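A.B. asks: Structure in structure tokens, see below.
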Amino acid sequence: MEKRVARISAKPEPVLVELTKSAVIVIDMQNAFVSRGGMFDIVGFDVSKITHIIKPLKDVLDVSRKLGLKIIYVRHTYLPDLSNAGSSESPNYWKEYSLALLRKHPDYRDRLLIKGTWGAEIINEIKPLAEDIIIDKQRYSGFANTELENTLRKLNVKYLFFTGIALNICVESTIRDAFSREFWPILLSDCCEAIGPSYTRKATIWNVKQLFGWVTTSRDYIRALQKLAPKNEKEMEKL
């Protein structure tokens, strides 16, 4: 396969990535987190501040698929019997929003993170395609007790473009673990949103930029990839 290298404009400096060794990671873009009536909406987070990331993320996915990048969805789900959620001895049992909410309001079950329910599904705007990969997780990091690392190794992936929810929780947790496993994390800042005070977003972006990887935007990412795309529109359709 032809080696294609893109120069991504990023902070703190540009980064060179080989597209055949790259994947877009989409974290927790599920109804429970993004949609009205889902868990975040129920507990009082303003989901209207989250939905602005859908359009740039969709644009990133469209271009990435045309150029053959792997697309990996990581979603937070629990088995219906909660056997993989952790016992009362686990901090996850006490601290994770959906589990705490489920204990207080069993009637919210379909709006939370139970596999097979509306809440656990990826939002309609960016549904996975048949060729995309889906990894289920039960903790904040996409690497915690999942097949994500093995999957990336088998695909010979090195560069990870991060998108999704919540920037300061699951996205940052996964980025930190990616860095420690020798992957190259690149955050698409306008394709992610944090929850909580505004400083949480700024803190994660600072952490990634200074310590764990690189920060760019969907516009700069797409611009870099388009420079490598065939100029002929019919050729582009074949990708």
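The values are calculated or read from the model by the stated rules, or taken from the named source; none is laboratory data. No experiment lies behind these values; they were computed from the predicted model shown. As a convention, Cβ positions derive from the backbone with ideal geometry for all residues, glycine included, and neighbour counts pool all protein chains shown.
A.B. asks: Could you list all residues from segment 101-132 that are part of a helix (DSSP H, G or I) and either of a type in the set (Gly, Ala, Ser) or surrounded by fewer than 17 Cβ atoms within 10 Å (Cβ to Cβ) (or both)? Explain how you work it out, then say what you get.
C.D. replies: Here is the first cut: in segment 101-132, the residues part of a helix (DSSP H, G or I) are 101-104, 106-111, 118-120, 124-126.
Scanning segment 101-132 gives Arg103, Lys104, Pro106, Asp107, Arg109, Asp110, Trp118, Gly119, Ala120, Asn124, Glu125.
A.B. asks: If you go through segment 61-71 one residue at a time, do you hit one that is within 27 Å of Phe162 (Cα to Cα), surrounded by fewer than 14 Cβ atoms within 10 Å (Cβ to Cβ), of a type in the set (A, V, I, L, M, F, W, C) and touching a residue at least 24 places away in the same chain (Cβ under 8 Å)?
C.D. replies: First, the residues of segment 61-71 that are within 27 Å of Phe162 (Cα to Cα): 61-71.
Subset that is surrounded by fewer than 14 Cβ atoms within 10 Å (Cβ to Cβ): 62, 68.
After this cut, where a residue has to be of a type in the set (A, V, I, L, M, F, W, C) as well, the list is none.
Among the residues of segment 61-71, not one is within 27 Å of Phe162 (Cα to Cα), surrounded by fewer than 14 Cβ atoms within 10 Å (Cβ to Cβ), of a type in the set (A, V, I, L, M, F, W, C) and touching a residue at least 24 places away in the same chain (Cβ under 8 Å), which makes the answer no.
A.B. asks: Look at segment 96-122 and say how many of its residues are over 21 Å from the mean Cα position of the chain (by Cα) and basic (Lys, Arg).
C.D. replies: 3
A.B. asks: So, in segment 139-151, exactly how many residues are crowded, with 19+ Cβ neighbours inside 10 Å and either outside any loop (DSSP other than H, G, I, E, B) or touching a His at 6+ places or on another chain (Cβ under 7 Å) (or both)?
C.D. replies: Count: 1.
A.B. asks: Just give me the residues in segment 208-230 being within 17 Å of the chain's Cα centre (by Cα) and in a loop (DSSP other than H, G, I, E, B), in sequence order.
C.D. replies: Of everything in segment 208-230, those that are within 17 Å of the chain's Cα centre (by Cα) and in a loop (DSSP other than H, G, I, E, B) turn out to be Gly213, Thr217.
Yes/no matrix, rows are residues, columns are (1) at pLDDT 95 or above; (2) part of a strand (DSSP E or B):
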residue	(1), (2)
Phe162	yes, yes
Glu172	yes, no
Ile186	yes, yes
Cys191	yes, yes
Ile195	no, no
Trp206	yes, no
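A.B. asks: Which condition breaks for Ala178 when tested against (1) touching a residue at least 24 places away in the same chain (Cβ under 8 Å); (2) farther than 20 Å from Ser22 by Cα; (3) within 18 Å of the chain's Cα centre (by Cα)?
C.D. replies: Result: Ala178 passes all but (2).
A.B. asks: For the condition of a type in the set (D, E, K, R) and over 16 Å from the mean Cα position of the chain (by Cα), what is the one hit in Lys55, Lys49, Lys70? Reasoning before the result, please.
C.D. replies: Values: Lys55 fails: over 16 Å from the mean Cα position of the chain (by Cα); Lys70 fails: over 16 Å from the mean Cα position of the chain (by Cα).
Only one candidate qualifies: Lys49.
A.B. asks: Pick from Ile169, Ile135: which is buried (at least 17 other Cβ atoms within 10 Å of the Cβ) and either more than 26 Å from His52 (Cα to Cα) or touching a residue at least 60 places away in the same chain (Cβ under 8 Å) (or both)? Give the steps one after another, and end with the answer.
C.D. replies: Details: Ile169 fails: either more than 26 Å from His52 (Cα to Cα) or touching a residue at least 60 places away in the same chain (Cβ under 8 Å) (or both).
Within the list Ile169, Ile135, the selection yields Ile135.
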